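What follows is a set of notes on a single structure, which appears directly below.
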Amino acid sequence: MANDDSKKLDQVLELERAQREDLKLLDHHLVSLNKRILGANIIGFVLFALLCATAAYLVASTADKRAERRRKADVDQLVRLRRTLKQWKTEQSKTREESSARTTLLTKLMDLYHRGENEKALELLPKAEAAAHSALEHAVVAEVSRNLNRKAALAALARGISDYQRDKPKDAIKHLLQALKYAPHGSIALQAHYYAGLSYHKRQDYRKAAQHLGALATDPAGEDILDDAGLFRLGHAHDLLKQSQAARKYYGLLIERYPKSVFAPVARAKLRQLGGP
């Protein structure tokens with residue numbers, strides 16, 4: 001009986017020893033597992049930290065690139081603004097210079113005009129007409145131009161008539177053509193055409209004589225200027241140019257308008273030669 005109890009006690013002790021060994025082994029395995037778990041956690045934390053750092057770097061890099069692009073865009077815009085401002089200042093300076101030059105030119109023109117220095121004013125007039133900018137400047141220059149051209153035309157006409165009357169047809173033609181340049185239309189032009197026609201006829205340039213005297217014949221206002229002398233020379237010019245129909249026309253007008261003119265008998269004789277009535 002005692003032996004049985006001893007065996008049982010030995011078995012229990014053996015069992016407890018085996019259990020303690022198992023517990024030690026289990027404890028060893030748990031410690032090893034904990035170390036592995038801790039190592040894995042550390043590695044995971046390190047990897048997470050690296051991932052966060054990488055992400056932060058990428059975010060910062062992207063932000064830097066965006067900031068750089070924004071900065072570059074701001075610099076480009078600033079350069080454009082500076083260029084625009086410089087161009088605007090240049091244009092403003094140019095405008096002021098042009099305005100000052102235009103004012104000086106127009107002032108000089110008006111000064112010459114009021115002092116009666118017509119020839120100098122006429123020389124300056126084309127520049128003033130080209131420089132006029134505003135509606136007022138155009139109106140002022142146009143008015144001065146009309147008056148200057150009229151004065152110059154009247155002066156040239158007077159010299160032309162004087163030269164014609166002094167039997168200087170060549171000089172007369174030069175001044176009369178100048179009068180037509182300054183006043184191509186109106187009463188001054190009609191007077192210039194008349195004396196130019198007479199002067200060309202005197203120089204035996206019948207084609208141009210017919211041209212200038214004919215300008216009076218085709219203008220209703222020219223009838224009062226184209227007298228018997230003018231009509232005779234107009235008909236005679238066409239006659240010598242072998243333009244019989246025109247010659248008969250103006251010889252006939254001479255006889256019709258001025259039947260008692262000293263040129264009327266000659267015109268009648270010319271009409272008979274040309275086969276007229």
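Values in this text are rule-based calculations from the coordinates and carry no lab data. Given the structure is predicted, the values throughout are model-derived calculations rather than measurements. Ideal geometry is used to build each Cβ from the backbone, glycine not excepted, and the neighbour counts take in all protein chains shown.
Here the label points at K8 and E256, each 7 Å from Cα along the C-beta direction, are separated by 17.7 nm in the simple model. Residue separation of N41 and R150 scaled by 0.36 nm, minus their Cα-Cα distance, works out to 28.2 nm of gained length. The calculated P(r) of the chain, using every Cα pair and 10 Å bins from 0, goes 6, 15, 13, 9, 8, 6, 5, 4, 4, 4, 4, 4, 4, 3, 3, 3, 2, 2, 1, 0 in percent.
As a calculated quantity, the FRET efficiency between S162 and R96 at R0 = 35 Å, using C-beta atoms, amounts to about 0.10.
Under 4 °C and 1.567 mPa s, how fast does the range 78-193 diffuse according to Stokes-Einstein, given a Kirkwood radius computed over C-alpha pairs? Answer in µm²/s, whole number. This corresponds to a translational diffusion coefficient of 78 µm²/s. Can you quote the Å³ per residue value for the convex hull of the Cα atoms in the range 101-144, rounded to an integer? For the range 101-144, the hull spanned by Cα atoms encloses 58 Å³ per residue.
Please identify which residues in the range 121-141 have an amide N closer than 18 Å to a label point set 7 Å out from the Cα of M110, following the Cα→Cβ vector. 121-122, 124-141, by backbone N distance to the label point. Highest GNM mean-square fluctuation among L51, L122, L13, for the chain modelled with Cα contacts below 10 Å: L13. If R0 is 51 Å, the Cβ-Cβ spacing of R203 and E137 corresponds to a FRET efficiency of close to 0.70. Treating r as the C-beta distance of A269 and T218 and R0 as 25 Å, the FRET efficiency rounds to 0.45. Across all directions, the average flat footprint of the convex hull enclosing the Cα atoms of the range 152-197 is 2.4 nm².
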